[in-house]
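J.: Have a look at this one.
The values are calculated or read from the model by the stated rules, or taken from the named source; none is laboratory data. Since the structure is predicted, the reported quantities are computational estimates derived from the model, not experimental observations. Cβ sites come from the backbone with ideal geometry, for glycine too, and all protein chains shown count toward neighbours.
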Amino acid sequence: MTEFNQPMGGNIMPRFAGPATMMRLPATSTPENHDVCFIGVPFDIGTSHRSGARTGPRQIRAESSLLRPYNMATGAAPFENLQVADLGDVPINTFNLSASIDIIQNFYAAVVDANCIPLTMGGDHTIVLPILRALHKRHGPVGLVHIDAHSDVNDHMFGEPITHGTPFRRAMEEGLLDGQRVAQIGLRGTGYAADDFDWCTNQGFRVVQAHDCWHKSLTPLMEEVRQQLGEGPVYISFDIDGLDPAFAPGTGTPEVGGLTTAQGLEIIRGCKGLDIIGGDLVEVSPPYDPSGNTALLGANLLYEMLCVCY
Ligand code: MN
Ligand code: MN
């Protein structure tokens, strides 16, 4: 019988002490023989407004020290079922965006080859593109649950094709996503044109704007999303700015009128039963998060992703 890694308990070492790995799990230098690995991508050179997400992984790990192993709401016991560890950070080249994209893709290729599910601490949203490229090699076009204030399907930003506002446009062009199996939830804010979201619906995406989520549970929506996404592989990409800045102020491009923390939990818990092949939590920017609440929320959302991975 496999001896599964466990988060270090608060009665063994005080929660404010010791090395900061995700959930105080063991660090590993290889994805081999792991079911799931947490991975940091300290990358924010794709941001269009306020930067700072490069220290997201470090702060999410720090705030994750309060997390305990059992999910008291759903009954999930991921550490009884999965071998999980913290694979550390991807050594990006912060002076070179395109080189960093390749570094990230190569790093994740090894994770995919080891049949290990990556759960990523961002970093800005640019990083989802090389992750999806690596996953495509094994899984082909994947379904996507994308929580975000922004659709991230711009053709270019300042003339550049690879930024945090363009990853899902590139992913569609490269055949990394199955457009009929994409749901975008929480979109809102001011746009460049009234038909900004039409490109998404023309690809077959289901677009659920934030105002259509106000004042209600998203559990019924997620039943429909599970129907839409069906049996095939699904990636979860959670931009923390999908939640309202009242809950998650520590991010680079905040938009008012967003989702609540409870709705964010309902979305991820509503992914249970889908074939989750990876997930990320991006755009936590610690310089704008003096209380640590945004990183704490990010850590919890990543834990919830772990809870729907088996
Ligand atoms: Mn985004
Ligand atoms: Mn966003």
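J.: Please go through segment 168-178 and pick out each residue that is farther than 18 Å from Val282 by Cβ and within 16 Å of ligand 1 (Cβ to nearest atom).
T.: First, the residues of segment 168-178 that are farther than 18 Å from Val282 by Cβ: 172-175, 178.
Hit for segment 168-178 is Met172, nothing else.
Yes/no matrix, rows are residues, columns are (1) over 23 Å from Val128 (Cα atoms); (2) acidic (Asp, Glu):
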residue	(1), (2)
Tyr192	yes, no
Glu224	yes, yes
Phe238	no, no
Gly278	no, no
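J.: Separate question: How do the pairs read when you match residues in segment 264-291 that are among the polar types (S, T, N, Q) with residues anywhere that are in a strand (DSSP E or B), using Cβ under 9 Å and keeping only pairs 6 or more apart or on different chains?
T.: Ser285/Thr251
J.: If Glu224 satisfies every condition in (1) crowded, with 17+ Cβ neighbours inside 10 Å; (2) over 16 Å from Gln59 (Cα atoms); (3) out of contact with any strand residue (DSSP E or B) (no Cβ under 7 Å at 6 or more places or on another chain) but one, which is the exception?
T.: Going through the list (1) crowded, with 17+ Cβ neighbours inside 10 Å; (2) over 16 Å from Gln59 (Cα atoms); (3) out of contact with any strand residue (DSSP E or B) (no Cβ under 7 Å at 6 or more places or on another chain), Glu224 breaks only (1).
J.: Name the residues in segment 266-291 that are small (Gly, Ala, Ser) and over 13 Å from the mean Cα position of the chain (by Cα), would you? Before the answer, list the steps.
T.: Step one: of segment 266-291, the residues small (Gly, Ala, Ser) are 270, 273, 278-279, 285, 291.
Passing the criteria: Gly270, Gly273, Ser285, Ser291.
J.: Just to check your reading of the model, which residue among Cys200, Cys213 is at pLDDT 95 or above, more than 30 Å from Tyr108 (Cα to Cα) and either within 16 Å of ligand 2 (Cβ to nearest atom) or hydroxyl-bearing (Ser, Thr, Tyr) (or both)?
T.: Values: Cys200 fails: more than 30 Å from Tyr108 (Cα to Cα).
Only one candidate qualifies: Cys213.
J.: Working carefully through the options Ala171, Ala134, find the one that is under 18 Å from the mean Cα position of the chain (by Cα) and within 16 Å of ligand 2 (Cβ to nearest atom). Give the steps one after another, and end with the answer.
T.: Working: Ala134 fails: within 16 Å of ligand 2 (Cβ to nearest atom).
None of the other options fit; the residue is Ala171.
J.: If you go through segment 114-167, how many residues are away from ligand 1 (no atom under 16 Å from the Cβ), more than 24 Å from Arg226 (Cβ to Cβ) and assigned to a helix (DSSP H, G or I)?
T.: Adding up the residues that qualify gives 3.
J.: Can you name the condition, by its number, that Glu63 falls short on among (1) within 29 Å of Thr219 (Cβ to Cβ); (2) in a loop (DSSP other than H, G, I, E, B)?
T.: (2)
J.: Inspect all residues belonging to segment 267-278 and state whether any of them is within 16 Å of ligand 2 (Cβ to nearest atom) and either at pLDDT 95 or above or not aromatic (Phe, Trp, Tyr) (or both). Give the steps one after another, and end with the answer.
T.: Initially, segment 267-278 is screened for residues within 16 Å of ligand 2 (Cβ to nearest atom), giving 267.
Adding the requirement that they be either at pLDDT 95 or above or not aromatic (Phe, Trp, Tyr) (or both) leaves 267.
Yes.
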